[in-house]
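The values are calculated or read from the model by the stated rules, or taken from the named source; none is laboratory data. Just so it is clear, the model here is predicted, and its values are computed rather than measured. Neighbour counts run over all protein chains shown; Cβ positions are idealised from the backbone, glycine included.
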Amino acid sequence: MDVIDIRDLVYYPVSDRKVMRGEGVHLYDEDGTEYLDCVAGTFNLSLGYSHPAVVAAMKHQLDLLVHASSSLQNEPVNGLVRRLVEVSPESLTKVHPKVSGGSTANEGAIKMAQHATGRSEVISLFRSHHGQTMMMTSVSGNAARRAPHPSLFPGTLQVPDPYCFRCFYGQRRESCGLMCVDRIEDFLDHASTGRAAAVIVEPISGSGGNIVPPDGYFQKLRAFCDERDIVLIFDEVQTGIGRTGRMFAAEHFGVEPDIITTAKGLGGSGAQIAAILTNERLAGLPADEHVFTYGANLLAAAAANATLDIVRQPEFLAHVRATGEHIRGRLAELAKRHRAIVDVRGVGLMIGFELGRPDGTPDVELARHLARTAMRHGLIMRSSRYGHGNVLKIRPPLIITTDEADLLCDRLEGLLRAELNA
Ligand code: PMP
């Protein structure tokens, strides 16, 4: 009997070979070939592949109870809610865990802001990515993703992001006075309905090229929102759960948003879990207006509890900061040798490096080529999807050791040597 190639049946492109198992930062395919995963799965494996504590917590819960209606109390979700309040900024005292992922967490956050303010419009940044439901496709800052869908959520407004390396306003960081916050006023006055409920931002852009806002940006944005009674939402789907070396990036930047959404890394080794963390004022959305069957799943909550107990340890977070610094140092060395690397940036283990041509213009083809050929050098890599798409991301599992970080950099060096000097 002819075996049909799976690639003729699925709707999306997939690899030639199957992956079979993973351990820590390593993934193995059916031939036993090993790869070091620079992007932690889908940026979600904060504790790497099959972390023993996560696996044990899930196995234990599997024998007890996999699912119950989210209106019934249970141990794993109670534990998750308590832990999330403990680790989140002080003013965020309420948790909504009944969401099925990052997109629906963001949608819930927006509904909360609309409910509290009585206004509807949502402001987001160029190059942002907040998910792929219809609403989050409308909110995210990428025309290419919106174009094929003509009837989107109407009340969205995208404004220039703090991408200092290629500033929209042609300014320099030292002297701009954070024009990218000041000018939002003009967009509100001239390009919106004037009825903004919320600003939603990724503290460091995930898909948009690892853009780290300059000092003072969030303080100014916070003041901007306070003056206009606009709700400030931090989409920490990628930056949260230790990725920046703090539990949430809000802490790194020294601001308290009104809402934080979290997902991805919360599941530790890949459990499907997400939550909205909010302050008292915004917790007024009626409970049945944003509930999903697979939200607050017991197995996933058990995984999240095991994850939070590890990530919240001060020495674990210090390790993330130190390893991140080490990798950034090695990338800076590589940048001296390879002129195609035009910028290295990041916080903790949320790192990206930008590729450019000799004239400084973004080299998207090179970024894509390197991401494609990385597997031949034992690396799983991804390039940024949006904006210029010329940024390669280094976001390995947070449990990466210094030796493994060196292995990652050695392999990357081999890849660059082979492909750039070719
Ligand atoms: N926000 C950010 C910053 C993301 O990176 C993603 C997913 N890549 C989402 C939201 C959407 O999360 P999900 O895929 O779980 O809906």
Which numbered condition GLY32 fails, given (1) farther than 22 Å from SER383 by Cβ; (2) surrounded by 10 or more Cβ atoms within 10 Å (Cβ to Cβ); (3) small (Gly, Ala, Ser): (2)
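Quick test for you: out of ASP343, ASP403, ASP363, pick the one residue that is over 24 Å from the mean Cα position of the chain (by Cα) and not basic (Lys, Arg). Explain how you work it out, then say what you get.
Numbers: ASP343 fails: over 24 Å from the mean Cα position of the chain (by Cα); ASP363 fails: over 24 Å from the mean Cα position of the chain (by Cα).
Result: ASP403 is the single residue among ASP343, ASP403, ASP363 that is over 24 Å from the mean Cα position of the chain (by Cα) and not basic (Lys, Arg).
Taking the residues in segment 240-256 that are within 12 Å of the ligand (Cβ to nearest atom) and among the small types (Gly, Ala, Ser) as candidates, determine which candidate is surrounded by the most Cβ atoms within 10 Å (Cβ to Cβ).
Just the residues of segment 240-256 that are within 12 Å of the ligand (Cβ to nearest atom), to begin with: 240, 243, 249.
Next, from what is left, pick out any that are among the small types (Gly, Ala, Ser): 240, 249.
Values: GLY240: 30, ALA249: 27.
Residue satisfying both the conditions and the ranking: GLY240.
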Where residues in segment 50-81 are in contact with a strand residue (DSSP E or B) (Cβ under 9 Å, 6 or more places away or on another chain) and surrounded by fewer than 22 Cβ atoms within 10 Å (Cβ to Cβ), which of them is farthest from PHE234 (Cα to Cα)? SER50
If I ask for residues that are in a helix (DSSP H, G or I) and either outside the structural domain of HIS96 (by TED's automatic domain parsing) or small (Gly, Ala, Ser) (or both), which ones from segment 240-272 would you list? ALA249, ALA250, GLY265, GLY267
Scan (1) within 27 Å of THR401 (Cα to Cα); (2) of a type in the set (A, V, I, L, M); (3) crowded, with 24+ Cβ neighbours inside 10 Å for the single condition LEU317 breaks and write down its number. (3)
Restricting attention to segment 76-120, which residues are of a type in the set (D, E, K, R), part of a loop (DSSP other than H, G, I, E, B) and within 16 Å of the ligand (Cβ to nearest atom)? LYS98
Unique residue being in contact (Cβ under 8 Å) with a residue 40 or more places away in the chain and either of a type in the set (Gly, Ala, Ser) or touching a Cys at 6+ places or on another chain (Cβ under 9 Å) (or both) when the list is LEU416, LEU408, LEU420, LEU349: LEU408
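Based on this model, can you work out whether THR193 counts as surrounded by fewer than 18 Cβ atoms within 10 Å (Cβ to Cβ), more than 27 Å from ARG246 (Cβ to Cβ) and within 13 Å of the ligand (Cβ to nearest atom)?
Details: surrounded by fewer than 18 Cβ atoms within 10 Å (Cβ to Cβ): yes; more than 27 Å from ARG246 (Cβ to Cβ): yes; within 13 Å of the ligand (Cβ to nearest atom): no.
Considered against the rule, which asks whether it is surrounded by fewer than 18 Cβ atoms within 10 Å (Cβ to Cβ), more than 27 Å from ARG246 (Cβ to Cβ) and within 13 Å of the ligand (Cβ to nearest atom), THR193 comes out as no.
Do we find that ARG119 is touching a residue at least 12 places away in the same chain (Cβ under 8 Å) and either surrounded by 17 or more Cβ atoms within 10 Å (Cβ to Cβ) or in contact with a Gly (Cβ under 9 Å, 6 or more places away or on another chain) (or both) in this structure?
Values: touching a residue at least 12 places away in the same chain (Cβ under 8 Å): yes; either surrounded by 17 or more Cβ atoms within 10 Å (Cβ to Cβ) or in contact with a Gly (Cβ under 9 Å, 6 or more places away or on another chain) (or both): yes.
So ARG119 fits the description; yes.
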Looking only at residues that are within 14 Å of the ligand (Cβ to nearest atom) and over 17 Å from TYR386 (Cα atoms) in segment 134-182, which one is surrounded by the most Cβ atoms within 10 Å (Cβ to Cβ)? MET135
Mind listing whichever residues of segment 174-206 are modelled with pLDDT of 95 or more, in a loop (DSSP other than H, G, I, E, B) and farther than 12 Å from LEU221 by Cα? SER175, CYS176, GLY177, GLU202, ILE204, SER205
Which residue is nearest to the chain's Cα centre (by Cα), if the candidates are limited to segment 32-61 and must be on the phi > 0 side of the Ramachandran plot and part of a helix (DSSP H, G or I)? PHE43
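Can you say whether PRO76 is within 20 Å of the chain's Cα centre (by Cα) and either at pLDDT 95 or above or of a type in the set (Val, Ile, Thr) (or both), as far as the supplied structure shows? Can you show your working first?
Working: within 20 Å of the chain's Cα centre (by Cα): no; either at pLDDT 95 or above or of a type in the set (Val, Ile, Thr) (or both): yes.
When the stated conditions are applied, PRO76 does not pass them.
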Just to be sure I understand, how many residues within segment 212-239 are within 12 Å of the ligand (Cβ to nearest atom), under 15 Å from ASP161 (Cα atoms) and part of a loop (DSSP other than H, G, I, E, B)? 0
Inspect segment 32-50 for any residue being within 16 Å of the ligand (Cβ to nearest atom) and over 30 Å from ARG372 (Cα atoms) and give the result as yes or no. no
